[in-house]
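Just below is one structure, and these are the notes that go with it.
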Amino acid sequence: MVSKSSQIVITGIGATTPLGNSFDAIGDALQAGRSGIDWCDIGTFSRQQQHVVAQVQSVNLTMENAVVSPSWRIDKSSRLEQFAIVPAAHALADAGIQPSSCTFEQKNRIGFIAGIGAEQLKDWERDFLDGGHDVFHAKRQPSLVHRAAQILDIHGPAATVAAACASSGYAIALGKTWLETGLIDACVVGGCDVLSPTALAAFHNLRALSRRDDNPEKASRPFDQDRDGFVMGEGGVFFVLERSDSALSRQSKIYGVLAGVGMSSDATHMVTPCSDPVQASRAITEALADARLSPADVDYINAHAASTPVGDAAEAGAIRDAFGAAAMKIPTSSTKSMSGHLISGAAAFEALACLVAIQRNIIPPTINLDTPDEDCLLRHVPHHSISLPVRVTASNSFGFGGSNLCLILKEAA
Amino acid sequence: MNHSPSLPADFSALCQIDSCATVCAHLSEIQALAREKHAYGSHSLPTRFLRHADEQTVIGVRSILEAMATDTLENSDISNDAVIAATCLAGQPAAARTMIGLRDKGPVAVTPHIVPQCSLHSVASAASVGFGMHGPNFGVGGGIHAVSEGLLLAVTLAPMLAITSPSARIWLICTGWDQQPSLEPNGEVNNDPLCRGLTLLLKPTPSHSFDNTRPQIRIISQQDSYSRGHCPADTPLKELYERLENRTRTTVAITNSCVIEITPPKLSPKVYKSNETVFRKEAP
């Protein structure tokens, strides 16, 4: 194991989201309480021509020094590829890592973990709806994370992980283990997802999506008594993680410390969150223990709260269980009220929101929280962001199949 | 960044293999297999638990039950164990049927089961939910590198698990087809490929406990490996499966400089036919 005195720090961020494509732009949107949800046409075979979703408006390699293989053409790539490769390239550039100037051995020590829950399903669907037959005769090919690693010219270990809506959080947590064991020196971690007709239909038929079609910006209302489901979003968020000694020796900018992670499983149902908070609470408690912090040390909780009747109440119970008396004192919000639910990319987006809170000393709001549900009693931050010192944050993520995750992010010393 | 040509000297990632099991069945057999009783000792799945499950989930679950039967720890507590499932191109037949339904009948024809039952996390979640394992559960891979990704993530999760749940173990399940199902435009399958499942039950172990005579799995630099001729990172499950059945010490490449080394235990492969009685022990 690597020296315990070395922390895992975030040195690079790249994002392609409905709220913007840079840390600053997303921070501005979160601080202003601006929604990224609107009517969008997501193409043929949709339930209706227009859907209430959180869609990425543009995706481009804009950052100076962001480098990809010259053979990769963004306009010839799928949206999923774009949402992985562009933010990952931006994250590396932001961290000041230029693989083209690394030695062979250095490239071998940059890993890549992507949280992508249903890559093949999305690829087959895109091909099928374009008239193709890949789903009938599936091709055996490297998954996106391996293709992306080649395009980014990094050659360390690479993996795709999936824990449903917690996928990108698991990628971040597992990146921490790779760095702590000394397997690698830097790791690109995060996740991405795309809007798709099949997923929209499946979630709609599960009655998991909001049916408020009258006013898109009001549809996602976590913890509100009138919430009726989540709003699907899309996008990709990736970070570069490094050990602090390595980052300091490179004189890298440090956005924050990934101080602790906790993972557990409800093991009760393939879809429905468990009403007993014990396992979700355990993930939070383990993350705090990993960070060697107590509940009272936390200044902000970014809740998973997707705006579903069952899920939000279950999470509020888990927060109260894990944080005890501190739960009613720590400002808590759900940024999904603005960003929608980025599914596989959600946990990474919300980790970014925590870093915004730390960097700007603000608590992003839960917009549309007009009347907090009495089953969701917490210290909410409705409608507008507030200014408070933020040193330590906790970010929860929960997924189908009972996967629970909590990330503790804190200010760099 | 570190310029060392291999892993650091203090690198630590090692697991003891407490059990290893392989199973396989043809596609035509899997539906019947899904309806059978899934139980070993005190561990059993709820009735009809697999009725919406993907084929690889059914095979993965059967390989877990087989691994339970050969576990060196009899009647062990699995409630805090972790589950990692490395699948390759799972959910294809269900995806085809769903997309045909979407095209022909619209969104109303899309089954809500496609997300929870045919995504990359589905096998791991089914194992966690079905057997009551509360440690981390997640899917890995999805493509041709699934096996090496699963091995890597299991071994690197071990040090963290050893701290948070010292008695917990990791169930690594690898599944995949020898050949992918081939479907007609109406969604009917026109071949009968073999689906394989492999479960390794891993106990996180301190690195100083390495003993090359015991069943273990570890990450090492290529130069430290006993064996030469490593399996590539995109090794098909079939190849690993056959090597483990032959008790061949095997290395699987992870990067240009490091490999996963597996010293396998003895195992008894299981080939399923419908109506076969498969479990030797049942709950009293």
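What the table below lists for this structure:
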quantity	calculated
Distant-in-sequence amide H partners of A:ILE362 (H built 1.01 Å from N, under 5 Å)	A:LEU388
Gyration tensor verdict on the protein assembly as shown (Cα atoms; rounded if a/c is under 1.5, prolate if a/b is larger than b/c, oblate otherwise)	rounded
Mean Cα-pair separation over length for chain B, i.e. relative contact order, pairs under 8 Å, 6 or more apart, %	30 percent
Largest-first ordering by accessible area, 1.4 Å probe, given options B:PHE210, A:PHE400	B:PHE210, A:PHE400
R0 of 22 Å, Cβ-Cβ distance A:HIS133-B:GLN179: FRET efficiency to nearest 0.05	0.85
Accessible solvent surface per residue of region A:8-256, calculated while the other protein chains remain in place, 1.4 angstrom probe, Å²	32 Å²
When each of B:LYS37/B:LYS238; A:LYS176/A:LYS253; A:LYS122/B:LYS105; A:LYS218/A:LYS336 is checked by Cα-Cα distance, pairs over 21 Å	B:LYS37/B:LYS238
Student exercise, the protein assembly as shown dipole from Lys, Arg, Asp, Glu Cβ charges, in Debye to nearest 20	780 debye
Karplus-derived 3J(HN,Hα), 6.51/-1.76/1.60, for each residue of region A:211-224, Hz, glycine and proline x	10, 7, 9, 7, 9, x, 5, 9, 6, 8, 9, x, 6, 7
Residues losing 50 Å² or more accessible surface upon assembly, region A:108-142, compared with the chain by itself, 1.4 Å	A:ARG109, A:GLN120, A:LEU121, A:TRP124, A:PHE128, A:VAL135, A:PHE136, A:ARG140
Buried solvent-accessible surface, both chains (B, A), 1.4 Å probe, Å² to nearest 100	6300 Å²
Positions from region A:247-275 whose accessible area shrinks by 40 Å² or more when the full protein complex is built, not the chain alone, probe 1.4 Å	A:MET263, A:SER265, A:ALA267, A:MET270
Long-range HN-HN contacts of B:THR111 with modeled amide H, under 5 Å	none
Chain A shape via C-alpha gyration tensor axes, a/c threshold 1.5	oblate
Overall form of region A:261-413 per C-alpha gyration tensor (a/c, 1.5; a/b vs b/c)	rounded
Whole-Hz ³J(HN,Hα) from phi, Karplus 6.51 cos²θ - 1.76 cosθ + 1.60, for region A:351-368, glycine and proline x	5, 4, 4, 5, 5, 4, 4, 5, 5, 9, 6, 9, 10, x, x, 9, 6, 6
Simple label model, 7 Å out from Cα along Cβ direction - A:ALA413 to B:ASP192, nm	6.6 nm
Whole-Å distance, taken between Cα centres, linking region A:105-141 and region A:339-413	30 Å
Partners for B:LYS203 among aspartates and glutamates (Cα-Cα distance below 12 Å; same-chain residues under 8 apart left out)	B:ASP18, B:ASP71, B:ASP81
Inter-chain shielding of A:171-182 (mean C-beta neighbours from other protein chains, 10 Å cut-off)	5
Accessible area per residue in Å² at 1.4 Å probe, computed on chain B	36 Å²
Delta accessible area of at least 40 Å² on complex formation, residues of region A:371-413, 1.4 Å probe, chain isolated as reference	A:PHE400
Fraction of antiparallel bridges per DSSP, chain A only, in percent to nearest 5	65 percent
Region A:260-410, accessible area per residue, ligands and nucleic acids excluded (1.4 Å, Å²)	29 Å²
Chain A - mean residue ellipticity at 222 nm from DSSP helices (-39,500 (n - 2.57) per run, n ≥ 4, rounded to 500)	-9500 deg cm²/dmol
Relative packing of peptides A:68-77, A:133-142, A:160-169 - highest average C-beta neighbours within 10 Å first	A:160-169, A:133-142, A:68-77
Carbon/sulfur fraction of accessible area - the protein assembly as shown, other protein chains in place, 1.4 Å, %	48 percent
The protein assembly as shown - share of DSSP beta bridges that are antiparallel (%, nearest 5)	70 percent
Residue-averaged beta-carbon neighbours from other chains (10 angstrom radius) around B:178-186	2
Chain A, relative contact order [Cα under 8 Å, separation at least 6], %	23 percent
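The values are calculated or read from the model by the stated rules, or taken from the named source; none is laboratory data. None of the values given here were measured: they were computed from a predicted structure. When we count neighbours, we look across all protein chains shown, and the Cβ atoms used for this are built from the backbone with ideal geometry, even at glycine. With ligands, DNA and RNA removed, areas are computed over all heavy atoms of the protein, side chains included. Shrake-Rupley method; radii C 1.70, N 1.55, O 1.52, S 1.80 Å.
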